[in-house]
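Here's the structure we're looking at; comments come further down.
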Amino acid sequence: MLVFMEWPVIEVLESERLTLEPVSVDHASAMVDVLSDARLYEFTGGEPPSLDVLAARYRRQVRGPADGSGAWFNWMLRERAAGTLVGFVQATVHTGDRGPLAEIAWLIDPAHQRQGFAAEATAAMVAWLRSRGVTAFAALIHPDHTVSQRVAHRLDLRPTPQLDDGEVRWESPPGNDETP
Ligand SMILES: CC(C)(COP(=O)(O)OP(=O)(O)OC[C@H]1O[C@@H](n2cnc3c(N)ncnc32)[C@H](O)[C@@H]1OP(=O)(O)O)[C@@H](O)C(=O)NCCC(=O)NCCS
């Protein structure tokens with residue numbers, strides 16, 4: 001089983017239409033608009049953050065976990081053609097029973113949904129994490145959140161019987177634990 005001696009270092013990633021930019025505090029002023037629509041929180045809970053709250057969140061995300069027990073990867077998604085931010089993808093990586101495991105999540109601005117951006121961005125993130133040695137993936141998804149379930153399916157995650165605070169844990173099947 002692979003165990004990281006050092007956590008991978010986040011990089012800029014490019015997908016067909018998106019640039020995945022490692023989060024910085026400078027992203028907060030534009031992302032506060034992306035995150036302002038209450039519909040985004042229907043299944044996950046939470047509420048639109050203020051600029052101060054978001055800047056503080058991004059400062060923490062850049063620093064990473066204080067105890068070094070894992071690593072946080074947060075990418076802001078920029079649609080290259082328009083130059084605008086359309087959402088984010090994120091992964092928390094730690095050593096699980098099956099080796100390096102990434103707990104992943106995604107969000108796309110309602111004005112840019114239904115264009116395949118979540119599928120595109122999460123595929124780029126997962127491919128990069130796999131290339132860096134992450135072998136297992138998991139996500140928590142509300143049982144009624146069919147759109148997110150489709151995103152997870154596309155990543156070859158499958159629902160498990162495990163519930164976490166009302167959300168179903170989806171995981172990559174053990175047979176997929178291969179590094180490229
Ligand atoms: C979940 C979310 C990221 C999807 O973003 P998106 O960019 O619109 O998703 P995509 O366009 O990549 O579509 C993914 C799949 O869902 C389907 N889909 C997207 N929006 C849909 C809708 N409103 N109704 C039905 N199907 C929809 C797509 O057809 C696609 O299905 P396919 O894989 O079978 O082709 C977005 O709805 C969102 O940010 N929601 C709020 C935040 C959230 O709940 N995040 C998830 C936490 S686990």
How many residues of the stretch 33-85 are more than 27 Å from Trp7 (Cβ to Cβ) and assigned to a strand (DSSP E or B)? The answer is 2
Apart from one, (1) surrounded by fewer than 15 Cβ atoms within 10 Å (Cβ to Cβ); (2) more than 16 Å from the chain's Cα centre (by Cα) all hold for Val32; the odd one out is (1)
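Does Ala138 satisfy being of a type in the set (A, V, I, L, M), within 14 Å of the ligand (Cβ to nearest atom) and under 24 Å from Leu13 (Cα atoms)?
Details: of a type in the set (A, V, I, L, M): yes; within 14 Å of the ligand (Cβ to nearest atom): yes; under 24 Å from Leu13 (Cα atoms): yes.
When the stated conditions are applied, Ala138 passes them.
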Residue check: is Glu21 open to solvent by 60 Å² or more (accessible area, probe 1.4 Å), free of Cβ contacts under 8 Å to residues at least 60 places away in the same chain and at negative phi?
no
Scanning the stretch 122-154 residue by residue, those polar (S, T, N, Q) and surrounded by fewer than 16 Cβ atoms within 10 Å (Cβ to Cβ) turn out to be Ser131, Thr146
Over the stretch 3-18, the set of residues open to solvent by 50 Å² or more (accessible area, probe 1.4 Å) and either more than 16 Å from the ligand (Cβ to nearest atom) or of a type in the set (Phe, Trp, Tyr) (or both) is Val3, Met5, Glu6, Trp7, Val9, Ile10, Glu11, Val12, Glu14
Might you let me know whether the stretch 40-51 holds any residue that is within 16 Å of the ligand (Cβ to nearest atom), within 20 Å of Phe117 (Cβ to Cβ), out of contact with any helix residue (DSSP H, G or I) (no Cβ under 9 Å at 6 or more places or on another chain) and not polar (S, T, N, Q)? yes
Those residues of the stretch 95-113 which are open to solvent by less than 30 Å² (accessible area, probe 1.4 Å) and near the ligand (Cβ under 7 Å from one of its atoms) amount to Leu107, Ile108
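The values are calculated or read from the model by the stated rules, or taken from the named source; none is laboratory data. Computed from a prediction, not measured in an experiment: that's the story for all the values here. Positions of Cβ are backbone-derived with ideal geometry, glycine not excepted, and every protein chain shown enters the neighbour counts. SASA here: full protein model, heavy atoms, side chains in, ligands and nucleic acids out. Shrake-Rupley method; radii C 1.70, N 1.55, O 1.52, S 1.80 Å.
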